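The values are calculated or read from the model by the stated rules, or taken from the named source; none is laboratory data. What you are looking at is a predicted structure, and each value in this text was computed from that prediction instead of being measured. When we count neighbours, we look across all protein chains shown, and the Cβ atoms used for this are built from the backbone with ideal geometry, even at glycine.
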Amino acid sequence: METKFSTRLPVPTFRFLGVNGTERVLPAEPPAPAALSGTGIQRLDITADAAFTVTGGQTVIMDIHAEQAYLQTHLQADANEKIRLVQIFHGDCVCSRLTADLADHAAAELVQIYLHGTDTVSDTEIRMNGRKSALTANIGYLADGDSRLDLNLNVIQSGKKSVSDIDVQGVLRERAQKIFRGTIDFRQGAAGASGAEHEDVLLTDPEVVNKTVPVILCAEEDVAGTHGATAGQLDARVIFYLQSRGIPEPEIRELIAQTKLGGVIRQIGDAETERAVWRLLGREDADEPVTEE
Amino acid sequence: MKQKTQVADIDRSLYDFRYDEDAADLLASGITPEIIREISEEKGDPEWMRQFRLHSLEIFAKTEMPPWGPPVDGLNLDNIVAYIRPKSRMNTDWNDVPENIKETFERLGIPQAERESLAGVGAQYDSELVYHNVRREVAESGVVYTDLESAMHDPRFAEMIRTHFMKLVPPTDHKFAALHGAVWSGGSFVYVPAGVRLEIPLQSYFRLNAKGAGQFEHTLIIVEDDAYLHFIEGCSAPKYYEAGLHAGCVELYVGKRATLRYSTIENWSKNMYNLNTKRAVVAEGGRIEWVSGSFGSHVSYLYPMSILNGRGAHAEFTGITFAGAGQNLDTGAKIVHNAPETSSHIDTKSISKSGGISTFRSAVTVAEQAVGSRSSVSCESLMLDSISRSDTVPVMDIRTDQADIGHEAKIGRISDDAVFYLMSRGLDEQSARAMIVSGFADNVSKELPLEYAMEMNNLIRLEMTGSTG
Amino acid sequence: MELLRIDRLTAGIEEKELLHGVSMTVGSGETHVLMGPNGAGKSTIGLTVMGSPEYQVTGGRILFEGEDITEESADRRAKRGIFLSFQNPVEIPGLSLSDFLRNALEQISGQRMKLWDFKKQLRAAMDVLQMDAAYADRDLNVGFSGGEKKKAEILQLLMLKPKLAILDETDSGLDVDAVRTVSAGIAAYREQCGGSLLIITHNTKILESLTVDRTHIIADGRITAEGGAELIDEINRSGFEKYTERAI
């Protein structure tokens, strides 16, 4: 049975911009969620529709490389629990919905990396209901060819003294199109809460389309929220400096593109996965030993 | 204490008074093609304008309300009288202005405000321009400042108006642009010839009076190549129990290397729906500078748009919005980078208090051909209590790699340390907070002529200390 | 043998001409010093020889090993063996010093380099400069102090082994110990590759351990005096005043 998958900006805006939401048709109903029960690092290879519930204390690394898939993930962090989720997207047509509930003193660490996907739609809603709940999100993307990347991140902070920190680093090349909607929503009662979000996008080719929607919603006086976004080409001074060390311009662009994602990749915290991601980025030396053979 | 004295100087009732209008002048409520024909006939429109009005009404009937933004359910269009013809016709001499109208202006202090620094006053009473005075030296420089209706009948400007009127803001733009196209009445026409730099600002003062009346004034400004103009628009309205509507339209044409600065301090009464559309198109090397303060109205939708069509064109938007009790003010700016090496800068502050809602909404678009363009957006919001609301909804749409785009937003509260510091120097808490908020608004006040900056600071102090909050 | 020849070079930024017909030559293995008051055009010479796109050459030529390189991009010049130490090197977050250097070395040599070999070389060069090994993994110039940035520039000099090194105010803003370390780095470069040096400087501390072959004085975009090492002593005694008027 076909079902609709849609994402929406929490508050709609001017229609001519085409940023208010996205819709896709999924060929089948999503499966019932399976609760993950293991401990330690769990690596999941996702090639078809799947649904999971991740609970406190777990670290889950998802490698999503299906031709077509719908992935549904729920994080349930109860009081004082911590969850770590790493999602590497490099499939073709992937729709993902991630939800999270964070209780008092609960923490979620989220790493999402999007590479080369044809049509990726990712919807993330983090509900920070708990007092002093914390979210760290490191998101990186490299979209090239005719890639379309549609990201919607909604962080709802209703817990007192909740803290969110979201860093997004991206590269758009060739004819890639990307939209990133990032919302921090401070609800009434979230006294002492703080939230920061930053997105940096490097644009390397004239046909890219970059849309950025950094929203802050606020219904509480005692909060501190910041949002920053930059988009643009490589700094001419950086090009000259690296050129003067013998690196030609095309290589500089490649190097800086990889560099952009390097910071996010380092956040994965699992050497095996980090090497796999470098391989996906075309780094030949990803598997090279660092000691004498 | 000095602070308090200044606050007491401002009497809210100054902005909240009205006189009975002559009921015979009110055309039947509700907007039908018959009414449009009547308006058109009354004004002696040329045929093209009559057709334009009727066509706009058709579009109005077909167009839906926008699905975003603050609710406008309180607005009953049938109850809004589109057009009220005032007793008076155009006056060039203050002595000929009818007594009750004059009294209104005098209470608003317009003649006093007309100082050396101000080139002229075009004030709109109800729907028509009733008082108009452009200093001789301004006229001698070749600058034309008149009401749009007269200009439309002046053979020197008729063609110019036909080719520019609602070409930037077509009636298809949105529902209230269509309404405006159908029922527009009054407003200003300014023409600054090539190379003329008017160093003193032109000022216009709009005012609503009739109960239930809408105001649909149209401002059309053409600044030719290498010219300079500063135009100041001010609004305030008496208070009513019935919802009022303001759906004005401002169209600005800025020539090559020309600069137009358009300043507004808007203080509609707190029951008004302010659904205003402002737009500028800028040619090669030209500049548009918007300075905008939004204090009044019940609901506002206001996003001045700058279309940068010529190489190296520049847009600057500096704004402040203060939303108090019962207010939902949705304001911001739109910038369209359409040509190479264009640049823009948006700097806004918003303040929410006593249950007020303020939303900053923006759109910066950079087209494929706009290579080498730069844009920076900075918006800062201040929450004064936890029954208010402040939202920031910016969008950037970039379609070339050769652009540098930056956005910064910040939300927060008045720092306790700053309040404590000022209190330790002898200020009471309320005054300390008022002073900090005034400082927060200095991005706009430092861009305004002195007397306007003072008026704005008085408005802020009034909002901070004079109301129930 | 002649390595670098600057031939009647005029260059500037946008409309403003900063060099008004500068000529000089640097031979293989020689050490030259370029001195002059602030704003004379010293850094402009270094940046123009390196091929900075900020500066436009409006006349004259730059020859390296007899070939005209005036129109070449900076990376081509680097491959030929020209190196410039920057006064204000850019910071590149996310790119580690060691990843950057390995990439540059592979580009210049056109060969893949074993990670182990690279690390060994890097460690040796860092030892010369008394740099903490941890710097290799830090992002390029990010959060480096002024002195650390200068050392990182000299580290690149030691690793890339150019034929000509132009050192632009490498000694400015350094304390005595740091000047000694940087000097040791320059000495190591001379010893290991025998390359030529063009040292742009205000002061002469850094020159103490070097044998200077030739000194060029520049003032207001023109070479006003040339001579041997003795010219340095004269400048130290009586300053630049007498050279600001006279053009040769």
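Of all the criteria given as (1) out of contact with any His (no Cβ under 6 Å at 6 or more places or on another chain); (2) touching a residue at least 40 places away in the same chain (Cβ under 8 Å), the one not satisfied by A:E67 is (2).
Of all residues in the stretch A:231-252, which are more than 9 Å from chain C (Cβ to nearest Cβ) and of a type in the set (S, T, N, Q)? Selection gives A:Q233 alone.
For the stretch C:173-194, the tally of residues that are in a loop (DSSP other than H, G, I, E, B) and either of a type in the set (D, E) or touching a strand residue (DSSP E or B) at 6+ places or on another chain (Cβ under 6 Å) (or both) stands at 1.
With C:E71, C:E54, C:E65, C:E15 as the choices, which residue is acidic (D, E) and either within 24 Å of C:E226 (Cα to Cα) or at pLDDT 95 or above (or both)? Criteria check complete, one pass: C:E65. If only one of A:A51, A:A32 is among the aliphatic types (A, V, I, L, M), more than 14 Å from chain B (Cβ to nearest Cβ), more than 16 Å from the chain's Cα centre (by Cα) and in a strand (DSSP E or B), which one is it? Criteria check complete, one pass: A:A51. Of all residues in the stretch C:49-59, those satisfying the criterion of being closer than 25 Å to C:M1 by Cβ and either under 16 Å from the mean Cα position of the chain (by Cα) or assigned to a loop (DSSP other than H, G, I, E, B) (or both) are C:V49, C:M50, C:G51.
Candidates are the residues of the stretch B:420-431 that are among the hydrophobic types (A, V, I, L, M, F, W, C) and assigned to a helix (DSSP H, G or I); the one that is nearest to the other protein chains (Cβ to nearest Cβ) is B:F420. Of all the residues in the stretch A:193-216, those that are more than 9 Å from every other protein chain (Cβ to nearest Cβ) and over 18 Å from the mean Cα position of the chain (by Cα) number 2. Is it the case that some residue within the stretch C:38-46 is small (G, A, S) and in contact with a His (Cβ under 9 Å, 6 or more places away or on another chain)? Looking through the stretch C:38-46, at least one residue is small (G, A, S) and in contact with a His (Cβ under 9 Å, 6 or more places away or on another chain). The residue that is surrounded by the most Cβ atoms within 10 Å (Cβ to Cβ), counting only those in the stretch C:43-57 that are over 15 Å from C:S23 (Cβ atoms) and away from chain A (no Cβ under 12 Å), is C:S43.
Would you confirm whether any residue within the stretch A:125-148 is out of contact with any Leu (no Cβ under 7 Å at 6 or more places or on another chain), within 13 Å of chain B (Cβ to nearest Cβ) and surrounded by 24 or more Cβ atoms within 10 Å (Cβ to Cβ)? Within the stretch A:125-148, not a single residue is out of contact with any Leu (no Cβ under 7 Å at 6 or more places or on another chain), within 13 Å of chain B (Cβ to nearest Cβ) and surrounded by 24 or more Cβ atoms within 10 Å (Cβ to Cβ). Being in contact (Cβ under 8 Å) with a residue 12 or more places away in the chain and surrounded by fewer than 16 Cβ atoms within 10 Å (Cβ to Cβ) is a description that does not apply to C:T31.
Taken as a whole, the structure places C:L34 among residues that are more than 14 Å from chain A (Cβ to nearest Cβ), part of a strand (DSSP E or B) and within 19 Å of C:Y189 (Cβ to Cβ).
Within 14 Å of chain A (Cβ to nearest Cβ), modelled with pLDDT of 90 or more and either touching a Ser or Thr at 6+ places or on another chain (Cβ under 9 Å) or over 30 Å from C:D7 (Cβ atoms) (or both): which single residue out of C:A219, C:A152, C:A188 fits that description?
C:A152
From the list B:D391, B:D404, B:D417, B:D397, pick out the single residue that is outside any loop (DSSP other than H, G, I, E, B), crowded, with 23+ Cβ neighbours inside 10 Å and among the acidic types (D, E). Before the answer, list the steps.
Working: B:D404 fails: crowded, with 23+ Cβ neighbours inside 10 Å; B:D417 fails: crowded, with 23+ Cβ neighbours inside 10 Å; B:D397 fails: crowded, with 23+ Cβ neighbours inside 10 Å.
Residue meeting the stated conditions: B:D391.
For the stretch B:291-298, state whether one or more residues are on the phi > 0 side of the Ramachandran plot and at pLDDT 95 or above. No, that holds for no residue. Here B:P71, B:P46, B:P66 are screened, and the one residue that is out of contact with any Asp or Glu (no Cβ under 6 Å at 6 or more places or on another chain), within 14 Å of chain A (Cβ to nearest Cβ), surrounded by 15 or more Cβ atoms within 10 Å (Cβ to Cβ) and at pLDDT 80 or above is B:P66.
A single member of B:E368, B:E341 is modelled with pLDDT of 95 or more and on the phi > 0 side of the Ramachandran plot, and it is B:E341. Given the residues A:A257, A:A191, A:A276, which is the only one that is assigned to a loop (DSSP other than H, G, I, E, B), out of contact with any Leu (no Cβ under 6 Å at 6 or more places or on another chain) and not basic (K, R)? The conditions single out A:A191. Within the stretch C:60-92, restricting attention to residues that are touching a Gly at 6+ places or on another chain (Cβ under 7 Å), surrounded by fewer than 23 Cβ atoms within 10 Å (Cβ to Cβ) and not in a loop (DSSP other than H, G, I, E, B), the residue that is farthest from the other protein chains (Cβ to nearest Cβ) is C:G60. When C:F144 is tested against (1) surrounded by fewer than 17 Cβ atoms within 10 Å (Cβ to Cβ); (2) over 20 Å from C:A188 (Cβ atoms), only condition (1) is not met. On inspection, A:L110 fails the criterion of being at negative phi, of a type in the set (A, V, I, L, M, F, W, C), in contact (Cβ under 8 Å) with a residue 40 or more places away in the chain and surrounded by 19 or more Cβ atoms within 10 Å (Cβ to Cβ). When A:L255, A:L261 are checked against the criterion of being at the interface with chain C (Cβ under 9 Å from one of its Cβ atoms) and in contact (Cβ under 8 Å) with a residue 40 or more places away in the chain, a single residue qualifies: A:L261. I'd like the residue in the stretch B:276-289 that is under 10 Å from the mean Cα position of the chain (by Cα) and crowded, with 24+ Cβ neighbours inside 10 Å and, out of all such residues, is modelled with the lowest pLDDT. Among those residues, the one meeting the criterion is B:N276.
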